[in-house]
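Everything on this sheet refers to the single structure shown next.
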Amino acid sequence: MRGMKMNAIAAAVIALACVGLSAQTAPPIRIHAARIVDGTGKVLTDSTIVVQGSKIASIERGGAATATYNLGALTVMPGMIDVHAHIGWHFGPDGRYQPRGASPAQEALYGAENAYVTLMAGFTTIQSPGQPSDVDLREAIARGVLPGPRILTSIRTFSENSGTPDQLRDKVRELKKEGADVIKIFASASIRDGGKQTMSDAQLQALCGEAKAQGMRTMVHAHSIESVTASVNAGCDQIEHGVLIDAPTLKLMADKGVYFDPNVGVVLQNYLANKAKFLGIGNYNEEGFAYMEKGLALNAAMIKQAVKTPNLKLVLGTDAVAGAHGHNANELVERVRQGNQKPMDAIISATSMSARSLRLDKTIGTLAPGYEADLIAVDGDPTADITAVTRVAFVMKGGKVFKHVPASTTRGASH
Ligand SMILES: [Zn+2]
């Protein structure tokens, strides 16, 4: 009996050792494609990305014959990054925008649905500015089972009514303790209310100054010239929207190294297409929609100017709200179409540049050895035809494949 018991223990120990061993030496996943766009501006042809565990181990020439995934004529590129997506916003059971009143279970499931369609659209990281339920969604996805992008969140947001400068500094420190990844600030009114500066310069200085002291990043909603200028001068890191700004304000951002996140391809188009689902709720009234109609032309002029501004750090954000999740890649298409941005520059913006803005540029946004294996394959050559980024046939995040469909099924998607 004793001998048998010892043997059983020995066998168990050996079995455990084998599990450990196989985890370490699991065969790499080899992904071959005719074309690889690395996210920094380089293009490789006929190459194989070798993935070990969650990371890229190497990128080798050739290798089609021994590939785990031979992606044929598809183009492989880094998983895209959306630095401004409201991942929790949804239409309710009646089909209308539901800003409040859903049960916690409903909120969780709508968030999971949004996360799923966002990942399937080729976005492997998003930043949400932000709601408390983002934290649970972020952690659930990070556990590695629920399909969704990596999530960074501000948890809450700051407006002119959030307190005195001293109170704001305290709240920044509290948010850091709660696990916020970024501080989100409203420095101006919504475009539906004209976009004027609402927060005082002293409030902006308190928020962006304290965030900097705590090693945290700031993103500031600002539409008007004054509100953007005040935010830049307060030392804030990134400006959202900027619908009403001009060439000197764009140059100011470039000179100060502030990231700019214009949203010209998804958010207003989505509001106008889904007008009936928003109308009558809060400032979603006829006047607000009239401002948004005008915003389309203002955005088109602004993005042309932004693309022409030397050294301006343009990141990729959609401001995706209810109805827009999964359509995030239209932002790149409209950058090129309306803003005359070069397709390669739009891709760099959505990958390595956005990773820099998140301070994750040593981890994601580039295809190179040592980076997380966040990569997608699109049907076509996005450096020649940017609409290819809306035809996502393959998605890997952290070394795990979440999507692999024949390229033919990516055509005619409802973008
Ligand atoms: Zn927003």
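Inside region 50-104, residues that are part of a loop (DSSP other than H, G, I, E, B) and of a type in the set (D, E, K, R) make up a count of 3.
Got a number for residues in region 240-258 being away from the ligand (no atom under 15 Å from the Cβ) and not in a helix (DSSP H, G or I)?
At the first step, the residues of region 240-258 found to be away from the ligand (no atom under 15 Å from the Cβ) are 244-258.
Cutting the leftovers down to not in a helix (DSSP H, G or I) gives us 244-246, 257-258.
Matching residues across region 240-258 total 5.
Regarding Val321, is this residue surrounded by fewer than 24 Cβ atoms within 10 Å (Cβ to Cβ), under 21 Å from Lys275 (Cα atoms) and of a type in the set (Val, Ile, Thr)? For Val321, the condition - surrounded by fewer than 24 Cβ atoms within 10 Å (Cβ to Cβ), under 21 Å from Lys275 (Cα atoms) and of a type in the set (Val, Ile, Thr) - is met. Does region 282-340 hold any residues that are within 16 Å of the ligand (Cβ to nearest atom), in contact with a Gly (Cβ under 8 Å, 6 or more places away or on another chain) and among the β-branched types (Val, Ile, Thr), and which are they? Matches in region 282-340: Thr318 only.
Filter region 170-198 for residues that are small (Gly, Ala, Ser) and farther than 28 Å from Leu296 by Cα and give the result. Lay out the reasoning, then the answer.
We begin by selecting, within region 170-198, every residue small (Gly, Ala, Ser); these are 179-180, 187-190, 194-195.
Passing the criteria: Gly179, Ala180.
Just need a number here: residues in region 61-88 that are open to solvent by less than 60 Å² (accessible area, probe 1.4 Å) and either farther than 22 Å from Met344 by Cα or within 15 Å of the ligand (Cβ to nearest atom) (or both). Final tally of qualifying residues: 12. Counting only residues that are surrounded by 24 or more Cβ atoms within 10 Å (Cβ to Cβ), among the hydroxyl-bearing types (Ser, Thr, Tyr) and part of a loop (DSSP other than H, G, I, E, B), region 185-236 holds 0 of them. Between Asp345, Asp361, the distinction of being of a type outside the set (A, V, I, L, M) and part of a loop (DSSP other than H, G, I, E, B) belongs to Asp361 only.
When Val135, Val182 are checked against the criterion of being at pLDDT 95 or above, surrounded by fewer than 20 Cβ atoms within 10 Å (Cβ to Cβ) and under 30 Å from Phe402 (Cα atoms), a single residue qualifies: Val135.
The values are calculated or read from the model by the stated rules, or taken from the named source; none is laboratory data. Note that the structure is a prediction, hence the values are computed from the model and not measured. Methodologically, a virtual Cβ is constructed for each residue, glycine included, from the backbone with ideal geometry; neighbour enumeration extends over all protein chains shown. Just the protein is used for accessible areas: all its heavy atoms, side chains included, with ligands, DNA and RNA removed. Shrake-Rupley method; radii C 1.70, N 1.55, O 1.52, S 1.80 Å.
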